[in-house]
Every structure is written in C-alpha cells, then in structure tokens.
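Report on the structure given below.
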Amino acid sequence: MSRIVMMGPPGVGKGTQAALLAVALGVPAVSTGDLFREHVRTRTPLGLEVSGLLAAGEYVPDAVTNAMVADRLAAPDAQNGFILDGYPRTLPQLGELDRMLGDLSTTAGTNPGRTLPQLGELDRMLGDLSTTAGTNPGRTLPQLGELDRMLGPATPLDAVVLLQADVEEIVARIVLRAEQQGRSDDTPEVVRRRIEIYRAETEPLADAYAERGLLLRVEGTGSLDEVTARIRAALDHDEAAA
C-alpha cells in the first residue's frame, strides 16, 4: 500500500505524519505547502504570484496547483508510490488527480485501479446498444486505450487517511508553531480563515472517498507516536481486509 492521500484541517499534523509514513514505505512525501513555500522563498514567478494568497490564508488557484502536482507525480522517484499531503483540496482537484493517475498508469502500461464494468453498464456508457437482444452487429470492441478514454481515468489510490482534531486545539498548535519558527503567515485570524475554507471545500472530499471505500478516519490528537501508531494500524487493517 503506497499510493496514499493524507487529509485533514490545517495544523492537524498531516505533513509530519506524511513524512514519517513516506520513510516507512520508501516513497516520497509530496507536500503542496512545502512546494509553495520553496517557490516563495526563492522568489520564482510562481512564488511571487502565490505569496500574497498564502499570507492571507487563501488557497492557490487550481490550475497552478494541478500543474505542480502533475509534474511532481511524474518524477521517477514517485513511480512506485507517494504520500500526498495537501492535495486534493477540492472536488475539481479530486477529478484532476484521477486524470493524472490514469495518465501515469497508461504511460506505465498498467492500470491497477481499473475494474471491468458489467456488460450492461458498459453498454450504457458506450451508447444505445441492444442489451435486450444481447447483440449489436454494428458494434466492434474498441482498442483498450480507446475504451479507457471513453470510460475516463482510473483512480489507483490505495487509501485516503483523514486526520481529525478539535478546531481550537488546531488553532493553538499552529499559533505556537508560528511563534517558534518566526513565521508571520499563521496568525489566529489566518488559521481560522483557512479552517473555514477547509470546511467549505475540502471536507466534501471525505464523502467522495468514503463512497469509493478508500477513506480511513484517524484521531489526530495525542502524541506523535500515538497518532503514527493509529495511522499504521488503520492502514494495516485496511490492507488485511482488502
């Protein structure tokens, strides 16, 4: 199990846990937050564009984020898996991630997330076929690549871990961390604004991934080791049940 999305509100500890899990699994942790801050630090054109948004607690536009993530997941060290931290944040980004992973699977010549639809469902998607008679003399089976294109990309994720914690505890955590690190972009007001955006845009992803049977809810409060142990136990249980 090595293609994992880490979800949860800002400050819940996604980044720390993603890094630990990445080391344990031998795959890279891909953090959009770290990528954004590096661009800001080095004052790249992208960094200049997003620095104001980050300081205000706003999210970077999807088009910028999607391109950055797609480029990172195409890197050689991510071909055997990855831990995504901070992406996807919205339902449109979820769809874009599906497309990215489908493209990567096609490039690699495999598509582990694809399952063959039932014949009736396939008939419905391909058009007005004669399912009653069970035949369609004018229809020929498309090549596999064309079939994949018509059905849309697969979603070869192994699991989505959702870390949960009390809002006020999160605010206190982030403010303390900002003071310790000398960061000016994590004031209480900015943190609460980020959590508001998270609730409006990101929490619906939990429902979407739950419908796919991928979501694992994990309590994010407690010591670092306690949370790490909960995550590993949830992943191990999910893998054993698969």
Out of (1) modelled with pLDDT of 85 or more; (2) over 17 Å from GLY8 (Cα atoms); (3) surrounded by 14 or more Cβ atoms within 10 Å (Cβ to Cβ), the one ASP185 does not meet is (1)
Identity of the residue in the range 46-72, in contact (Cβ under 8 Å) with a residue 60 or more places away in the chain and outside any helix (DSSP H, G or I), that ends up nearest to GLU96 (Cα to Cα): TYR59
What pairs can you find where one residue is in the range 83-95 and touching a residue at least 60 places away in the same chain (Cβ under 8 Å), the other is among the hydroxyl-bearing types (Ser, Thr, Tyr), and their Cβ atoms are less than 7 Å apart, with a gap of 6+ or different chains? ASP85/SER31; GLY86/SER31; GLY86/THR32; TYR87/THR32; TYR87/THR65; ARG89/TYR59; ARG89/THR202; THR90/THR202
Those helices (runs of 4 or more DSSP H) completely within the range 165-242 that have 3 or more residues that are among the aliphatic types (A, V, I, L, M) and over 24 Å from PRO92 (Cβ atoms) are 167-181, 224-241
All conditions in (1) within 21 Å of ARG192 (Cα to Cα); (2) assigned to a helix (DSSP H, G or I) are true of ARG89 except (2)
Can we say ALA108 is modelled with pLDDT of 80 or more, aliphatic (A, V, I, L, M) and more than 24 Å from ASP207 (Cα to Cα)? no
When you check THR16 against the structure, is it in a helix (DSSP H, G or I) and either closer than 24 Å to HIS237 by Cβ or at pLDDT 90 or above (or both), yes or no? yes
Select, from ALA208, ALA133, the only residue that is more than 30 Å from SER51 (Cα to Cα) and at pLDDT 85 or above. ALA208
Out of all the residues in the range 20-53, which are out of contact with any Leu (no Cβ under 6 Å at 6 or more places or on another chain), at pLDDT 85 or above and surrounded by 17 or more Cβ atoms within 10 Å (Cβ to Cβ)? LEU20, LEU21, ALA22, LEU25, VAL27, PRO28, ALA29, SER31, THR32
Only one of these is surrounded by 18 or more Cβ atoms within 10 Å (Cβ to Cβ) and modelled with pLDDT under 95: LEU176, LEU216, LEU224, LEU163. Name it. LEU163
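The values are calculated or read from the model by the stated rules, or taken from the named source; none is laboratory data. Computed from a predicted structure; not experimentally measured. Cβ coordinates were reconstructed from backbone atoms using ideal geometry, including for glycine residues, and neighbour counts include every protein chain displayed.
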